[in-house]
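I have placed the structure first, in the form of structure tokens, so that the comments after it can refer back to it.
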Amino acid sequence: MPSTPISHWIGFHLALILLLAAELIYARRQIRLGRPPRRTAIAATALWTAAAIAFAAFLHRTLGGTSSIQYLAGYALEESLSIDNLFVFLLLFRLFQIEPRRQPKVLFWGVAGAILMRGLFIAGGVTLLARFDWITYLFGAVLLAAAVRLFIPSAPNQDAAEPRWIAWLKRLHPISPRQDTFLCMENRRPTATILLLALVAIELTDVVFALDSIPAVLSITRQPFLAYTSNIMAVMGLRSLYFLLIGMLARLRFLHYGLAAVLGFAALKMLASRWIEIGPVLSLAVILTLLALTVALSLSFPRKPG
């Protein structure tokens, strides 16, 4: 496994900080000008998509064509799986009744926590795969189970009951209904707000999704730098993508079949790796084809009203 120069790791994180700062400055300016949130979401999505493509060009120049294709395949895979997170975010915000203007703050810190967790998960996954060959089959089985779970989704419940852990927390300690901060002082003692509970729920959800997405990206590449950067770039664009696609999620009725097929492909790729080698170019083509097909079917055959 070729080593990655330390300058690449440092440069990637510096670029990440600069891009995030540019997005925040632009978003605050749009708020001051009274511009609609959708306009900000379009600009932020374009920013992160352009950055992901530019980084692929950088990898092609510095690490070679194979590395850039592996990165793009991993990015496409993680971006597609992240779409499934959007449905969960939507349900969580409805469950906690978080105001739309407070949702960006929750997603910002949720993504920050996701970056740290994904990095740790990838480092652990690469280490295990390097030391124990049989882990490949375990990861493949996890992906196959996730594909089956996505293929047979449970019926959505818009008016879901309050989770037991929230009720337990409320009995243990009062929860403030405020949504302007994560912690506040009530009765002279620090009190968690409903906004903090929403953040915790999103972080816990990302841990569950990471158990599927990390093995998936490791089916594309075992190089830590490529697995990490493709994962992080996909996660960074997730916040703006949520606000951009929030009105379209209900229309993508067949998308979960495409995501299930993508996970199933990644699972078979891992399970059959000893006998069949599937290159990154073919992997990227398969992922994009499956997603394009299910999105096209969803738009061509919309769900009938009522």
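Out of Ile152, Ile166, I need the residue that is of a type outside the set (Asp, Glu) and at pLDDT 65 or above. Which one?
When all the criteria are applied, what remains is Ile152.
Just wondering, is there one or more residues in segment 218-232 that are of a type in the set (Gly, Ala, Ser), at pLDDT 75 or above, more than 12 Å from the chain's Cα centre (by Cα) and open to solvent by less than 60 Å² (accessible area, probe 1.4 Å)?
For segment 218-232, residues of a type in the set (Gly, Ala, Ser), at pLDDT 75 or above, more than 12 Å from the chain's Cα centre (by Cα) and open to solvent by less than 60 Å² (accessible area, probe 1.4 Å): present.
Looking at (1) closer than 29 Å to Ser219 by Cα; (2) assigned to a helix (DSSP H, G or I); (3) not β-branched (Val, Ile, Thr), find the lone condition where Ala41 falls short.
Evaluating Ala41 over (1) closer than 29 Å to Ser219 by Cα; (2) assigned to a helix (DSSP H, G or I); (3) not β-branched (Val, Ile, Thr) leaves (1) as the failure.
So Ile98 clears everything in (1) of a type in the set (A, V, I, L, M); (2) assigned to a helix (DSSP H, G or I); (3) open to solvent by less than 70 Å² (accessible area, probe 1.4 Å); (4) more than 28 Å from Ala292 (Cβ to Cβ) except one condition, right? Which one?
Every listed condition holds for Ile98 apart from (2).
Which of the residues spanning segment 40-65 are open to solvent by less than 40 Å² (accessible area, probe 1.4 Å), over 15 Å from the mean Cα position of the chain (by Cα) and in contact (Cβ under 8 Å) with a residue 12 or more places away in the chain?
Thr40, Ala41, Ala43, Ala44, Ala51, Phe55, Ala56, Leu59 - these are the residues of segment 40-65 that are open to solvent by less than 40 Å² (accessible area, probe 1.4 Å), over 15 Å from the mean Cα position of the chain (by Cα) and in contact (Cβ under 8 Å) with a residue 12 or more places away in the chain.
Does Leu172 meet the test of being hydrophobic (A, V, I, L, M, F, W, C), open to solvent by 10 Å² or more (accessible area, probe 1.4 Å), more than 14 Å from Leu86 (Cα to Cα) and modelled with pLDDT under 75?
Against the criterion (hydrophobic (A, V, I, L, M, F, W, C), open to solvent by 10 Å² or more (accessible area, probe 1.4 Å), more than 14 Å from Leu86 (Cα to Cα) and modelled with pLDDT under 75), Leu172 qualifies.
List every residue pair whose Cβ atoms sit under 7 Å apart, with the two residues 6 or more apart in sequence or on different chains, where the first one lies in segment 264-284 and is of a type in the set (Ser, Thr, Tyr) and at pLDDT 75 or above and the second, anywhere, is part of a helix (DSSP H, G or I) and open to solvent by 40 Å² or more (accessible area, probe 1.4 Å).
From residues that are of a type in the set (Ser, Thr, Tyr) and at pLDDT 75 or above, there are no pairs.
Take the residues of segment 20-39 that are free of Cβ contacts under 8 Å to residues at least 24 places away in the same chain and under 22 Å from the mean Cα position of the chain (by Cα): which is least open to solvent (accessible area, probe 1.4 Å)?
Residue satisfying both the conditions and the ranking: Ala21.
Can you tell me which of Phe254, Phe301 is over 24 Å from Ile53 (Cα atoms), out of contact with any helix residue (DSSP H, G or I) (no Cβ under 7 Å at 6 or more places or on another chain) and either at pLDDT 75 or above or of a type outside the set (Asp, Glu) (or both)?
Answer to the check: Phe301.
With the condition kept exactly as written, say whether any residue in segment 124-147 is at pLDDT 70 or above, assigned to a loop (DSSP other than H, G, I, E, B) and not small (Gly, Ala, Ser).
no
List, please: which pairs have Cβ atoms under 8 Å, are six or more places apart or on different chains, and start with a residue in segment 91-108 that is over 16 Å from Pro177 (Cβ atoms) and at pLDDT below 80 and end with one that is assigned to a helix (DSSP H, G or I) and among the polar types (S, T, N, Q)?
Leu92/Thr205
Here are some residues: Ser68, Ser80. Which one is modelled with pLDDT under 85, of a type in the set (Ser, Thr, Tyr) and either surrounded by 16 or more Cβ atoms within 10 Å (Cβ to Cβ) or not in a helix (DSSP H, G or I) (or both)?
Unique residue meeting the criteria: Ser80.
Residues to consider are Val235, Val207; find the one that is among the β-branched types (Val, Ile, Thr), within 15 Å of Ser80 (Cβ to Cβ) and either at pLDDT below 80 or open to solvent by less than 10 Å² (accessible area, probe 1.4 Å) (or both).
Exactly one of Val235, Val207 is among the β-branched types (Val, Ile, Thr), within 15 Å of Ser80 (Cβ to Cβ) and either at pLDDT below 80 or open to solvent by less than 10 Å² (accessible area, probe 1.4 Å) (or both), namely Val235.
Keeping to segment 1-12, report how many residues are more than 24 Å from the chain's Cα centre (by Cα) and open to solvent by 60 Å² or more (accessible area, probe 1.4 Å).
Residues that pass the stated criteria total 5.
Looking at (1) modelled with pLDDT of 90 or more; (2) crowded, with 17+ Cβ neighbours inside 10 Å, can you tell me which one Ala15 breaks?
Of the numbered conditions (1) modelled with pLDDT of 90 or more; (2) crowded, with 17+ Cβ neighbours inside 10 Å, the odd one out for Ala15 is (2).
The values are calculated or read from the model by the stated rules, or taken from the named source; none is laboratory data. Here the structure is a predicted model, which means the values were calculated and not measured. Note that we place each Cβ from the backbone using ideal geometry, even for glycine, and neighbour counts take in every protein chain shown. With ligands, DNA and RNA removed, areas are computed over all heavy atoms of the protein, side chains included. Shrake-Rupley method; radii C 1.70, N 1.55, O 1.52, S 1.80 Å.
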